[in-house]
1. Roughly what would the spin-label model give for A:D458 and A:R146, points 7 Å off Cα along C-beta, in nm?
2. What 222 nm value per residue comes from the helices of chain A, counting each DSSP H run with n ≥ 4 as -39,500 (n - 2.57) and dividing by all residues, nearest 500 deg cm²/dmol?
3. Tell me the GluC sites (Glu not before Pro) within the range A:205-269 that lie in a loop according to DSSP and have at most 12 other beta-carbon atoms within 10 Å.
4. On a 31 Å Cα-Cα criterion, which of the cross-link pairs A:K199/A:K261; A:K43/A:K266; A:K104/A:K261 come out too long?
5. Which of the aspartates and glutamates could a cross-linker bridge to A:K338, judged by Cα under 14 Å and excluding same-chain residues fewer than eight apart?
6. Where nothing but the Cβ of Lys and Arg (+1) and of Asp and Glu (-1) is charged, how large is the charge dipole of the range A:131-189 around its Cα centre, in debye to the nearest 20?
7. Using the Cβ atoms and a cut-off under 11 Å, what net charge is assigned to the surroundings of A:A495, where Lys and Arg are +1 and Asp and Glu are -1?
8. Want the number for A:R385 to A:N189: 0.36 nm per residue separation, take away the alpha-carbon distance, what's left?
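Laboratory data are not the source of any read-out in this text; all were calculated from the coordinates shown. Here the structure is a predicted model, which is why all the values come from computation and not from measurement. A quick note on method: Cβ atoms are made from the backbone with ideal geometry, for glycine too, and the neighbour counts reach across all protein chains shown.
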Amino acid sequence: MTRETTLPKIPHMTIRLRFAPSPTGYLHIGGARTALFSWLFAKKHGGQFILRIEDTDEKRSVEGAIENIMTSMRWLGLDWDEGPDVGGDFDPYIQTERAELYHKWAHWLVEKGHAYKCFATAVELDQMRQEQLARGETPHYDRRYRDLSSEQVAQLEAEGREYVIRHKMPLTGQTIVPDLIRGDIVFENEQINDYVLFKSTGLPTYHLAHVIDDHFMEISHVTRGDEWINTAPLHVQLWQAFGWEMPIYAHMPVILNPSGKGKLSKRTQSFQDENQLVLVRVEEFQEAGYLPTAVINFLSNVGWSFGDDREIFTVAETLERFDLKNVNPSATKLPYSKLDWLNGQYIQELEPEALAQGIAPFLEAQGWAVDLETLVLVAPPISVRLKRLAEAVDWLRFLYEQVPLDVPVEKITHKKMPPEQARVAFTRAHDFVTDPASTYDLATLTAVLNEIGASVTDNGAAGPFLGTMRFVVTGEPVSPPLFESMLALGRERVAARLTQALAILAGDS
RNA sequence: GCCCUCAUCGUCUAGGGGACUAGGACGUGGCCCUUUCAAGGCCAAAACCGGGGUUCGAAUCCCCGUGAGGGCACCA
């Protein structure tokens with residue numbers, strides 16, 4: 001695709017990017033992807049990554065949202081050099097704390113003739129829209145206060161009328177929006193409204209606030225969702241009106257709603273489809289047992305590609321080749337099944353101790369008393385079975401909850417191992433386990449049980465015995481590897497299970 | 001309705017005129033391995049949205065359709 005652009009070659013000495021969420025809720029996975037790409041680009045160039053909170057809509061601000069966003073970002077490893085909590089040279093990093101700045105520059109625009117005061121009341125605007133609708137027109141602000149004389153403005157102000165400040169958009173000509181990812185985008189000025197820059201609440205709208213902040217915070221690249229493309233010509237006009245050097249804009253492709261139409265948003269609900277989790281909030285990924293490294297790897301390959309036909313790579317490797325210019329502009333769904341695979345790969349690579357520590361919180365959440373030493377023993381055998389750490393709960397339930405062995409005899413026998421032979425086999429196993437002189441380790445267990453199993457069937461195959469043994473020991477037909485499970489359970493508990501099995505067999509005969 | 005963006009296997013993607021019988025990954029199916037379930041190995045099916053151009057040559061460039069997404073707030 002063409003990337004014709006009017007972008008300046010070297011616009012800034014230092015690379016500075018910001019992630020600027022509004023605190024209207026939790027951080028969702030799409031926001032995290034935007035943050036990641038911004039973070040990667042800043043880090044790649046040895047620049048700074050800044051967190052700024054855009055809370056100029058007081059009505060929509062949600063308690064705890066800032067905390068949630070920061071917690072989620074830190075979990076992912078997206079640390080910031082400047083921000084509300086860590087401070088920085090351009091403090092404060094919360095927009096409501098910068099109100100005077102916006103007030104000053106909004107009025108500067110009015111003085112210079114780039115903006116004007118609009119005294120329309122809510123009622124008046126509503127009536128205007130109704131009339132337009134009645135005429136079959138698309139509702140739009142009709143610029144009724146744009147050309148007031150200074151006397152008229154003074155008169156209305158003297159009456160104490162409230163006003164907003166609107167941008168005085170050129171009525172003719174074009175505005176070019178240079179976009180790093182798409183190239184130049186051309187807009188007809190007549191299509192652009194006189195947007196509100198400064199609200200009657202005394203706070204700016206996004207349009208004004210971001211330009212002022214990005215200027216004074218010396219931001220070099222503005223990364224944001226592509227829902228901003230349509231208002232970008234306004235932003236270009238503002239940069240020109242202020243006479244400030246414009247940063248490079250890069251509009252990130254949207255992530256589509258996995259469950260249907262539209263884009264993924266904070267309203268999107270997480271759900272489970274078969275065994276596939278489809279998650280939205282970043283914190284949910286943590287709760288489900290995804291590793292932050294896997295999530296980052298996953299996100300890196302959506303809308304951008306590592307290349308070389310490689311799917312698994314480290315952040316350090318990504319840093320070597322990441323570039324915003326190579327971001328794919330098309331909207332995309334998240335390939336959740338790939339995340340499960342990736343996460344499984346990352347889990348397999350974990351050292352036993354790290355794996356045990358990762359799993360422990362999920363077990364403890366069940367109210368189970370977790371012993372890390374035992375966990376280090378059983379965690380590696382199940383690591384290859386896990387897509388998500390939370391699944392360890394089901395695999396290890398037999399360790400923490402006694403699954404009652406209250407089953408018909410068919411469950412602990414086999415057509416190649418009828419009750420009489422089963423009794424012999426389980427008795428021998430019981431004798432071994434309860435013999436204080438026997439060695440209770442993996443190698444011995446393997447040798448002894450295989451030998452018992454082979455001796456008991458006609459064709460010398462240990463399979464039937466080991467299968468029933470698994471059921472006896474864990475109470476489940478599917479479990480972690482048998483010998484490791486027996487080891488983790490310990491001699492006493494295994495012996496008790498075998499005693500129960502023998503009782504069932506005795507009851508049958 | 002108007003404006004803007006985008007368009008390669010089911011999904012995520014590689015691809016910047018000839019290296020394309022279009023590559024990789026996930027997922028799916030089959031085989032192997034196997035004490036369950038997995039993992040692993042091998043194999044297979046699977047795509048350039050349609051139509052016009054430009055060119056010796058187009059998945060790649062242009063135009064028109066179509067589809068998808070976004071915007072048209074005193075929300076960001």
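1. Placing both labels 7 Å along Cα→Cβ, they lie 9.5 nm apart.
2. -13500 deg cm²/dmol
3. In loop regions of the range A:205-269 (DSSP not H, G, I, E or B), the sparsely surrounded GluC sites (Glu not before Pro) are A:E245.
4. Pairs exceeding the cut-off: A:K199/A:K261; A:K104/A:K261.
5. A:E311
6. 80 debye
7. Spelling it out: positives minus negatives among the neighbours equals 0.
8. Between A:R385 and A:N189, full extension yields 64.7 nm more.
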